[in-house]
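Encoded as structure tokens, the structure appears first; notes follow it.
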Ligand code: SER
């Protein structure tokens, strides 16, 4: 089995070989963008380069970005735990072109990496392209269809509308048509019974989007109008946890090696046999092992729980984890803070800021847990 460490490194090395500079993830907590509380996409740190407000030194960059989707336009919080492939905090692998290469290269390289390097079976891949939108006066993306047709059979290229294939950072900001890559992880038998094309964008847990290639060419203004940008850019984002799921032959992101240690800790702590656990317990385990990462990374980047703004969002995540654990795992004592150490170890060499602040992170989490458990125990 390929380890998640190898999978991440392969991505960065691949784009390095295509003359991209490997850069660091931006902090997950945003301090200087009033339109967002947390980084919700790899492209956030490059917003000004897309808008033409900054002239980037390097025209091609790549990284893995810590993202959190718990507020605003991209908010997955309530789904997390109930399905097997959404997360609050996740890593987004990305490659960017600032006014340099465009659709042809972005599509060709995505195909090369997935099918030749990672060796995902081409028969399991579907791609979607923008069908156009009259109200925004943006035509269907025939250029993307042409580029994909060089690599993939026409019946695997599907057209979808604005909801799925027009990406926007928030209510305002960089945006453009996008092309998503979906993989069908179902068994041979299931695939023979029903074509994967019919399941794309239907919420099927084993036919999932893994990579989004965005062709940034507009700025959405506060008026709602789309303004054409002076240059065209590439912004891609691959869900790292989902990529690991596809490459490690499991059908849940929570069953990848990324969560192995925190899952083992919880099952041991609460005496649960994972394969025999009730659905409510499995949901609670997923909530906990997801949320602890969100807490650890946001606290490491400077956001502590509080009663307002971004701090309140963090407090809600912590309380959601503690409540699920209290109700379905029988957790009546603080325990989340103990998981922080495992997260730190898992990301050593990738996000060392967690290890550097581990004591502080554990103290904050334990204090919050204690306070909240007192409330839960007293039934208030
Ligand atoms: N901005 C796109 C996304 O977040 C691709 O990086 O999906």
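Just so it is clear, none of the values below were taken in a lab; they were calculated from the coordinates. Owing to the predicted nature of the structure, the values given are computational and were not obtained by experimental measurement. A quick note on method: Cβ atoms are made from the backbone with ideal geometry, for glycine too, and the neighbour counts reach across all protein chains shown.
In the stretch 227-279, Rg over Rh equals 1.32, where Rg is the alpha-carbon radius of gyration and Rh the Kirkwood radius from pairwise Cα distances. I want to verify a result. In a Gaussian network model of the chain, Cα cutoff 10 Å, which of these has the top mean-square fluctuation: 141, 133, 257? Looking only at 141, 133, 257, the largest GNM fluctuation is found for 133.
Rounded to the nearest 10 degrees, the inclination of helix 279-300 to the longest alpha-carbon principal axis of the chain is 80 degrees. With contacts taken as Cα pairs under 8 Å and at least 6 residues apart, the stretch 327-367 reaches a relative contact order of 49 percent. When the alpha carbon gyration tensor of the stretch 217-359 is reduced to an equivalent ellipsoid, the three semi-axes, largest first, read 32, 20, 17 Å. Computed over the stretch 1-94, the convex hull of the alpha-carbon atoms projects to a mean area of 7.4 nm².
With springs connecting C-alpha atoms under 10 Å apart, model the chain as a Gaussian network and identify which of 115, 84, 253 has the largest mean-square fluctuation. The residue that fluctuates most here is 115. The antiparallel fraction among DSSP beta bridges confined to the chain stands at about 90%. Rounded to the nearest 10 degrees, the angle from helix 260-270 to the longest Cα principal axis of the chain is 30 degrees. Each of 9, 119 has some number of other Cβ atoms within 10 Å of its Cβ, and from fewest to most they run 119, 9.
For the peptides 314-323, 148-157, the ranking by mean Cβ contacts within 10 Å, running from highest to lowest, is 314-323, 148-157.
Per-residue Cβ neighbour counts within 10 Å put 37, 258 in the sequence 37, 258, beginning with the fewest. Give me the orientation-averaged projected area of the Cα convex hull of the chain, in nm², one decimal. Approximately 19.2 nm², given one-decimal rounding.
Compare 264, 106, 222 in a GNM of the chain, Cα atoms joined below 10 Å, and give the one with the largest fluctuation. Checking each option, the largest mean-square fluctuation is seen for 222. Fewest-first ordering of 91, 108, 180 by other beta carbons within 10 Å of each residue's beta carbon gives 108, 180, 91. Counting only alpha carbon atoms, the long axis of helix 336-346 and the longest principal axis of the chain meet at about 40°.
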